[in-house]
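What follows draws every value from the coordinates through simple rules; no lab data is involved. Quick caveat: nothing in here was measured; it's all calculated off a predicted structure. Every residue, glycine among them, receives a Cβ derived from its backbone with ideal geometry; neighbour counts consider all protein chains shown.
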Amino acid sequence: MSDGFSSEIRVAEDDPREGDGSYDATARIVDAGSTDDDGVVEAALRPRRLADFPGQPKVRDQLGLVLEAARRRGSPPDHVLLSGPPGLGKTTLAMIVAAELEQPIRVTSGPAIQHAGDLASVLSSLTEGEVLFFDEIHRMSRPAEEMLYLAMEDFRVDVIVGKGPGATAIPLELPPFTVVGATTRAGLLPAPLRDRFGFTGHLDFYDDADLEKILARSAGLLEVESDGDALAEIARRSRGTPRVANRLLRRVRDWAQVHGTGRVGLDAAHRALALFDVDEIGLDRLDRAVLDALCRRFGGGPVGLSTLAVSVGEETDTVETVAEPYLVRQGYIVRSPRGRLATPAAWQHLDLSPPAGAQTPLPLPDDPEAGRLG
């Protein structure tokens, strides 16, 4: 295969979405060389089997046990809920569950299921043993959630025929199937829905060693020559997230092909990451803008989330879900009941000195609702 990609990645026919918004992803293996779209390339780089899935050893071992036991019983496994920040492999694990069970998989998302009829359409098309993957399951509408409760527990749905006093509920039996739900905000799932998942796995950020393994595998699939120290540098700046690591690898590859020798070396990594505004600890433009506004404009805080978002020209949700989690985890920002506060590490990273009288963050509980008002 041309364009420097592995010939083992095959081309699948287009799989148009069903009328209910879901689609059959069973054979969705894409050709990474056919397009430059990042999402397509990311899909091609995903491991196909649990044994090839790097990192997350506890979740991998627990899920492997659940799937192996189900195979030996010859029955579908318990429903699976995967939670954790974006980019850690929840969708990949859902695809692996179907592959390990040798069953088809149907993919949909919480925002696409806004009416009970939408869910009934998806459920009625399932075959025995099929895997139904819900991405962002916490965003499903309440009527659809209530229908899903019954479907997951008793494998049936009640279809309402008619309106008003003459309406009749007709039970529709469903073949046994497995729901795999993915969520970045497990706390928003209602307890009745959460309790119907027999296995819950939480994915955490990866360490640098695991990210280096992921990058080495991706470089092999992309047929990119690379040096170990360059991959280590990319891993160190990848925020503990495989999706970020693979994206940075592709950008360094682009720089090496245009300005270098085509080989991903340490110098190419440094120059490419500097070009794309990724600093030594993985902070990007938005991260540094948030820190800069917090320290320079507001004297280190406290400042409300909405005010901080307006000051950097971004939506509140973007700052809260994209930039803030990593800044908090790295110890640059502290959430408090009165707003966000910059830590001494933030001032040091910006090479600034805290002004006289700047408040020192206290080790307060991490409250996601703290400091919303601005």
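Tabulated data for the structure shown
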quantity	calculated
Cβ-defined net charge surrounding Gly313, 13 Å radius [Lys, Arg +1; Asp, Glu -1]	-1
Region 208-275: Cα Rg divided by the 2.2 N^0.38 Å rule of thumb	0.93
All Cα pairs of region 285-349, percent lying beyond 18 Å	19 percent
Between region 174-233 and region 132-160, the alpha-carbon center distance in angstrom	24 Å
Cut-off under 5 Å, modelled amide H: who pairs with Gly339 long-range	Gly371
nm² value of the averaged projected area, convex hull over the Cα atoms of region 219-361	9.1 nm²
Label-point separation in nm, Leu65 to Ala274, each point 7 Å along Cα→Cβ	5.0 nm
Test item: Cα-centred dipole of region 105-232, Lys/Arg +1 and Asp/Glu -1 on Cβ, debye	860 debye
